[in-house]
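Trainee: The structure that follows is given in the form of structure tokens.
The values are calculated or read from the model by the stated rules, or taken from the named source; none is laboratory data. For clarity, every value in this text was computed on a predicted model and none was experimentally measured. A quick note on method: Cβ atoms are made from the backbone with ideal geometry, for glycine too, and the neighbour counts reach across all protein chains shown.
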Amino acid sequence: MARVLDHYLVDPLIGLILPGAGDLIGSLLGLYTVAVAIRRKMSPVIVARMLMNLALDALLGVVPLLGDITDIAFKANERNVKLLVDREATGGRARARDWAMIVGAALVFGAAIGLTIYALVSVIRALS
């Protein structure tokens with residue numbers, strides 16, 4: 001599935017033909033690799049990293065044309081297969097880098113929420 005989506009550029013093409021919806025379809029198809037990881041009892045941290053790759057791929061793909069070009073370079077599905085194969089050798093256990101990625105993503109998410117709240121409060125204060 002990853003080879004078809006990323007190597008044969010099906011994921012970016014779907015995103016180009018169906019802006020927005022194509023990126024959603026590509027992400028949903030990418031969940032197949034995540035399901036394989038869950039069936040193989042990979043660490044929840046590995047599954048979270050795989051979901052982060054798909055989310056980032058979908059987020060980058062939302063921007064018309066530029067997102068499709070980025071989609072070609074990012075190759076979320078191939079990244080997920082690499083995670084699956086690499087971690088399978090260790091019984092699916094997470095490494096320190098996996099934990100760092102999850103913690104970093106949580107911090108970025110928290111910062112984004114905080115900045116959004118700050119911006120909303122600033123706009124409301126400016127309007128009143």
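Trainee: Considering only residues that are in contact with a helix residue (DSSP H, G or I) (Cβ under 7 Å, 6 or more places away or on another chain) and surrounded by fewer than 18 Cβ atoms within 10 Å (Cβ to Cβ), which ones fall in the stretch 71-90?
Mentor: Within the stretch 71-90, 72, 78 qualify.
Trainee: Another question about this same structure. For the list (1) more than 25 Å from residue 1 (Cβ to Cβ); (2) in contact with a helix residue (DSSP H, G or I) (Cβ under 6 Å, 6 or more places away or on another chain); (3) charged (D, E, K, R), I need the number of the one condition that residue 125 fails.
Mentor: With respect to (1) more than 25 Å from residue 1 (Cβ to Cβ); (2) in contact with a helix residue (DSSP H, G or I) (Cβ under 6 Å, 6 or more places away or on another chain); (3) charged (D, E, K, R), residue 125 is out only on (2).
Trainee: As an exercise: evaluate residue 50 against (1) closer than 19 Å to residue 15 by Cα; (2) at pLDDT 95 or above; (3) crowded, with 17+ Cβ neighbours inside 10 Å and give the number of the one condition it does not meet.
Mentor: (1)
Trainee: So, in the stretch 90-128, how many residues would count as being without any contact (Cβ under 8 Å) to a residue 40 or more places away in the chain, of a type outside the set (S, T, N, Q) and not in a helix (DSSP H, G or I)?
Mentor: Summing the residues that are without any contact (Cβ under 8 Å) to a residue 40 or more places away in the chain, of a type outside the set (S, T, N, Q) and not in a helix (DSSP H, G or I) in the stretch 90-128 gives 2.
Trainee: Considering only the stretch 1-78, give the helices (runs of 4 or more DSSP H) lying wholly within it that have at least 2 residues that are among the polar types (S, T, N, Q).
Mentor: 21-39
Trainee: Can you name the condition, by its number, that residue 41 falls short on among (1) surrounded by 14 or more Cβ atoms within 10 Å (Cβ to Cβ); (2) in contact (Cβ under 8 Å) with a residue 24 or more places away in the chain?
Mentor: (1)
Trainee: If you don't mind, there's one more thing I want to ask. Does residue 85 fit the bill of being part of a helix (DSSP H, G or I) and within 15 Å of the chain's Cα centre (by Cα)?
Mentor: no
Trainee: Let me ask something additional. Which one of these is more than 14 Å from residue 55 (Cα to Cα) and either surrounded by 12 or more Cβ atoms within 10 Å (Cβ to Cβ) or out of contact with any helix residue (DSSP H, G or I) (no Cβ under 8 Å at 6 or more places or on another chain) (or both): 112, 106?
Mentor: The conditions single out 112.
Trainee: Give just the number: which of (1) among the hydrophobic types (A, V, I, L, M, F, W, C); (2) free of Cβ contacts under 8 Å to residues at least 40 places away in the same chain; (3) in contact with a Pro (Cβ under 9 Å, 6 or more places away or on another chain) does residue 59 not satisfy?
Mentor: (3)
Trainee: Further, regarding this structure: Give the residues of the stretch 24-80 that are more than 14 Å from residue 92 (Cβ to Cβ), basic (Lys, Arg) and in contact with an Asp or Glu (Cβ under 8 Å, 6 or more places away or on another chain), sorted by residue number.
Mentor: Once the filter is applied, which keeps residues that are more than 14 Å from residue 92 (Cβ to Cβ), basic (Lys, Arg) and in contact with an Asp or Glu (Cβ under 8 Å, 6 or more places away or on another chain), the stretch 24-80 yields only 75.
Trainee: Need pairs with beta-carbon distance below 9 Å; first residue free of Cβ contacts under 8 Å to residues at least 60 places away in the same chain and at positive phi and within the stretch 19-37, second buried (at least 16 other Cβ atoms within 10 Å of the Cβ) and assigned to a helix (DSSP H, G or I); sequence gap 6+ or separate chains.
Mentor: Filtered contacts from the stretch 19-37: 20/61.
Trainee: Do we have residue 16 as buried (at least 22 other Cβ atoms within 10 Å of the Cβ), over 13 Å from the mean Cα position of the chain (by Cα) and more than 23 Å from residue 100 (Cα to Cα) here?
Mentor: For residue 16, the condition - buried (at least 22 other Cβ atoms within 10 Å of the Cβ), over 13 Å from the mean Cα position of the chain (by Cα) and more than 23 Å from residue 100 (Cα to Cα) - is not met.
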